[in-house]
Structures are given as structure tokens and as C-alpha cells.
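Input: a single structure, listed below in C-alpha cells.
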Amino acid sequence: MRRYGVAILLFTIFGFNSLNASCGKKVFKTYCWGCHHQTAEAFGPSFEEISSKRSAQEIKAMITDPASVSKVFGYSRNAMPPFKLTSDELDMITEYILSFKKTKEVK
């Protein structure tokens with residue numbers, strides 16, 4: 001019985017983010033792939049670039065209200081439309097985007 005509790009705890013700590021990122025790939029294929037690629041520049045910036053510059057809150061705000069966020073960031077224009085995602089979809093796509101953040105190498 002104790003093993004199951006430990007397994008559930010470990011999944012909650014380590015597996016949930018991985019699961020969210022995996023489900024986020026489905027959200028990506030539905031809404032984002034036409035303009036964004038994971039690691040290469042497309043019409044919009046790559047997820048690798050976004051994850052290196054933005055927090056989870058900034059990513060979520062850009063997805064739901066890109067016109068306002070673009071003004072806050074000082075952009076002169078914005079081509080991204082707003083998306084009405086469920087809170088779960090928003091969490092999943094945000095985790096997926098952040099999964100492309102490169103770790104800094106220690107020299």
C-alpha cells in the first residue's frame with residue numbers, strides 16, 4: 001500500500017509536467033503549428049526562442065490577449081490572433097512551450 005502512495009507522489013511531482021507537455025503537443029498541433037515551430041523560426045518565433053524569453057504567465061497572456069501583451073512588450077504590430085482555450089489547454093500548451101527552454105551549460 002505504501003508503494004502506491006510513493007508512486008502516486010512521484011508521478012504528481014515528476015510526471016504531471018511531462019504529461020502536460022505531452023498533451024500540450026496535441027494543443028500545438030491543433031492551434032499553433034501553422035505559425036510556430038518547436039525549434040525553428042517560422043511565421044512566428046520558435047518555442048525555443050519563446051521559452052528562453054518569457055515566463056509561463058507571459059506566455060499564457062500572449063495566447064489569450066496578444067494585442068494587449070504586444071503593446072506591453074513594446075511591439076509595433078502583432079499578427080497573432082487571440083485563442084479561447086480551456087484553462088487545461090492553456091496550461092498544457094504553456095508547459096509544452098516551456099519544455100523547449102534550453103538549460104545553461106556550466107563552464
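Each value in this text was obtained by applying a stated rule to the coordinates, not by laboratory testing. Bear in mind that the values here come from a model prediction, so they are computed numbers and not experimental data. No Cβ is skipped: glycine too gets one built from the backbone with ideal geometry, and neighbour counts run over all protein chains shown.
Tabulated results
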{"read-out": "Enumeration of residues in the range 74-100 that are under 19 Å from Lys53 (Cβ atoms) and surrounded by 14 or more Cβ atoms within 10 Å (Cβ to Cβ)", "value": "Asn78, Met80, Leu90, Ile93, Thr94, Glu95, Tyr96, Ile97, Leu98, Ser99, Phe100"}
{"read-out": "Filter result (farther than 10 Å from Ile97 by Cα and either touching a residue at least 24 places away in the same chain (Cβ under 8 Å) or touching a Cys at 6+ places or on another chain (Cβ under 6 Å) (or both)) within the range 55-82", "value": "Lys60, Ile63, Thr64, Ala79, Met80"}
{"read-out": "Within the range 29-43, considering residues that are in contact (Cβ under 8 Å) with a residue 24 or more places away in the chain and under 14 Å from the mean Cα position of the chain (by Cα), the one surrounded by the fewest Cβ atoms within 10 Å (Cβ to Cβ)", "value": "Thr39"}
{"read-out": "Subset of the range 58-88 [under 19 Å from Lys29 (Cβ atoms) and touching a Gly at 6+ places or on another chain (Cβ under 8 Å)]", "value": "Met80"}
{"read-out": "Residues located in the range 59-88, provided they are in a helix (DSSP H, G or I) and more than 10 Å from the chain's Cα centre (by Cα)", "value": "Ala61, Met62, Thr64, Pro66, Ala67, Ser68, Val69, Ser70, Lys71, Val72, Ser87, Asp88"}
